[in-house]
Amino acid sequence: MASARDIPLIGVSLEAMKCAPDGFPRYRDKGNSLSAALLKTFHTRGLMPSKKHRIYSFRHAFEKRMQEAGLDYGLRCTLMGHKNTRPQYGDGGSLEYRRKEMLKIAHPVSDGFTQGLANLAP
């Protein structure tokens, strides 16, 4: 089971959820189905950097972008759902703090990005 965490929506994720405010229930707790659908969509739209890349590569890219932007190690662990061996003080920061930090790595949203996305939601 995936770890639960509070992540503010910014950039493309915010735009996607505006089109599908209830999320994508058909993929909830169905990681393999989601990965297959994402992989197909990314390949169809030419969004995969190479044939060696997998959807999981985006987690690595997310971590790398946060690291290069100077986001705090503890915050990166929180956002990635990783355990942090340091003693836990506080709650990892407010959603506003997390949002402000994540805006450092947000990709710009192109016009037409969400076109057809609402059709994926039930």
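The values are calculated or read from the model by the stated rules, or taken from the named source; none is laboratory data. Note that the coordinates shown come from a computational prediction; the quantities given were computed from them, not determined experimentally. Reconstructed Cβ throughout: ideal geometry from the backbone, glycine too, with neighbour counts over all protein chains shown.
So the values come out like this:
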{"item": "Test: residue in the stretch 42-63 that is in contact with a Lys or Arg (Cβ under 7 Å, 6 or more places away or on another chain), at pLDDT 80 or above, among the acidic types (D, E) and surrounded by 13 or more Cβ atoms within 10 Å (Cβ to Cβ)", "result": "yes"}
{"item": "Residues being within 19 Å of V12 (Cα to Cα), in contact (Cβ under 8 Å) with a residue 12 or more places away in the chain and either of a type in the set (G, A, S) or touching an Asp or Glu at 6+ places or on another chain (Cβ under 7 Å) (or both) - total across the stretch 43-75", "result": "1"}
{"item": "Any hit, the stretch 93-105, residues being touching a helix residue (DSSP H, G or I) at 6+ places or on another chain (Cβ under 7 Å) and without any contact (Cβ under 8 Å) to a residue 24 or more places away in the chain", "result": "yes"}
{"item": "L9 being under 14 Å from the mean Cα position of the chain (by Cα), surrounded by fewer than 15 Cβ atoms within 10 Å (Cβ to Cβ), without any contact (Cβ under 8 Å) to a residue 24 or more places away in the chain and assigned to a loop (DSSP other than H, G, I, E, B)", "result": "yes"}
{"item": "Matching residues, the stretch 14-49, being part of a loop (DSSP other than H, G, I, E, B), under 22 Å from H107 (Cα atoms) and out of contact with any helix residue (DSSP H, G or I) (no Cβ under 9 Å at 6 or more places or on another chain)", "result": "P21, R45, G46"}
